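The structure under discussion appears below in the form of structure tokens.
The values are calculated or read from the model by the stated rules, or taken from the named source; none is laboratory data. Everything quoted here is computed from the prediction, not taken from an experiment. Reconstructed Cβ throughout: ideal geometry from the backbone, glycine too, with neighbour counts over all protein chains shown. With ligands, DNA and RNA removed, areas are computed over all heavy atoms of the protein, side chains included. Shrake-Rupley method; radii C 1.70, N 1.55, O 1.52, S 1.80 Å.
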Amino acid sequence: MAGSYRLVLLLILLVFSVKSVAGEPMDTSQGIFHPSFRTLKVTLEGDEFAPPVLTLRDRNSHVTVSFDEIADDRRFMRYELVHCDALWRPEGLVASEFLDGFNEGVVEDYDFSRATLVHYVHYTISIPNREVRITQAGNYLLRVYDESDPDETLLQARFGVSDFSARVMADVSSRTDIDANVSHQQLGVTVDLKHVDGVEDPFNDLVVVISQNGRTDNEVVLRNPQRVLGERVIYEHLTPLIFRAGNEYRRFETVSTSYPGMGVESIGYDAPIYNMWLYTDFPRARVPYSYDSTQHGRFFVRGESSRPDTEADYVMTHFSLEMPEVVGGDVFIDGDLTQRRFDPSSRMVYNRATGRYEHSMLLKQGAYNYQYLCVPFGSGKGDVAPVDGDFYQTTNEYTVKVYHRPRGCRFDRLIGVTMVTSGV
């Protein structure tokens, strides 16, 4: 069987390559940097649909970071936290400024896979815990590394800690300042500072960050509100608050290896793994909008047992998108399954013989959401429109985070978070 696992790892390496260059800014985006690790998830304990933001000083509030390593035995790993500003830049704080205790935890919660063709070890980290106790609000990057090589990052995950001192209200409309019920959606945001201390100048002390469906490439950062009315800071009729509406996410399910699930055309076994070929996708830009209840890019591990975390198998999942080749850019698969990264692990390759974009990923059995983004060469921002169009009716999920840096403070505090959904 050892040869089988080497084959699986070789398949992963063919589509997974990460290089670090000395002198470049630290990559603080969520991601996996070692090819044997898979299925990184970051969730608020008790609510997989909420943003991964725990409540400061609430003993019942935890964020769970889980992942697998394709291996026969456990790896001895540790983790540390990096406090980041509103734009996820490391702030250079020492551990004592945001932690009670040492900035080092042991990854000790693990379990081995059972009755699976691909052997793996499932790991879980819960924050805070007896080793890591957070004392300040803000953005946190959790970096996991091997005990024998602390300078090499295996994977890293983002989460937030908020004191929720600010009340954040948001609404979204398809009647925007540039079109009405066509292809855009516009937000309005109000921040109530009644219970927030130390805001001397709302035009300079606050930062508002808005994301659409968990994407990081098209996040909006606001520093200047439209107006201030007493304790209320209002952001509305601002051009950055207008988002392209996009289209509903696509879905597939690989819950069973015995029969094809939703979106799966066929299943085949090629030792040592199962292969699942999804139905070929086609552009929807010129197809009338159709509502579909999706989870905005999330995925959920599911299998034919009651313990999918350790009993769901890994299958090679094959994607294909039939359309003319995009000039001047690449097509990437977007969703939590790719950690929202534009790199070789998510990039589609155009096959001129078939007229299709194609890509294969080793994924754990489950239910997945995904979409295709066109990214111009040299750009870090994707566009849904070339493949799926922009429809004002689309159900989008917007997350609004508000940060405050008091005068003389060395870091950004996360003081409020809310989520609002558009469409039907």
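Of all residues in the range 327-385, how many are open to solvent by less than 50 Å² (accessible area, probe 1.4 Å), of a type in the set (Lys, Arg) and assigned to a strand (DSSP E or B)?
Counting residues in the range 327-385 that are open to solvent by less than 50 Å² (accessible area, probe 1.4 Å), of a type in the set (Lys, Arg) and assigned to a strand (DSSP E or B) gives 1.
For the range 34-47, which positions are modelled with pLDDT of 95 or more, assigned to a loop (DSSP other than H, G, I, E, B) and open to solvent by 40 Å² or more (accessible area, probe 1.4 Å)?
His34, Glu45
Can we say Leu93 is in a loop (DSSP other than H, G, I, E, B), surrounded by 14 or more Cβ atoms within 10 Å (Cβ to Cβ) and touching a His at 6+ places or on another chain (Cβ under 8 Å)?
Taking the combined requirement at face value, the residue satisfies it.
Check Asn129, Asn139 and return the single one that is out of contact with any helix residue (DSSP H, G or I) (no Cβ under 9 Å at 6 or more places or on another chain), in contact (Cβ under 8 Å) with a residue 24 or more places away in the chain and not in a loop (DSSP other than H, G, I, E, B). Quick ask: steps written out before the conclusion?
Working: Asn129 fails: not in a loop (DSSP other than H, G, I, E, B).
Result: Asn139 is the single residue among Asn129, Asn139 that is out of contact with any helix residue (DSSP H, G or I) (no Cβ under 9 Å at 6 or more places or on another chain), in contact (Cβ under 8 Å) with a residue 24 or more places away in the chain and not in a loop (DSSP other than H, G, I, E, B).
Hey, can you tell me all the residues within the range 372-420 that are among the β-branched types (Val, Ile, Thr) and within 21 Å of Leu337 (Cβ to Cβ)?
Val375, Val384, Val387, Thr394, Thr395, Thr399
For residues that are open to solvent by less than 30 Å² (accessible area, probe 1.4 Å), closer than 25 Å to Ala50 by Cβ and not basic (Lys, Arg), tally how many sit in the range 191-216.
12
Mind checking which residues of the range 208-267 are part of a loop (DSSP other than H, G, I, E, B) and acidic (Asp, Glu)?
Asp217, Glu219, Glu231, Glu236, Glu248
Just for the range 51-78: of the residues that are assigned to a loop (DSSP other than H, G, I, E, B) and of a type in the set (Lys, Arg), which one is surrounded by the fewest Cβ atoms within 10 Å (Cβ to Cβ)?
Filtering first and then ranking leaves Arg59.
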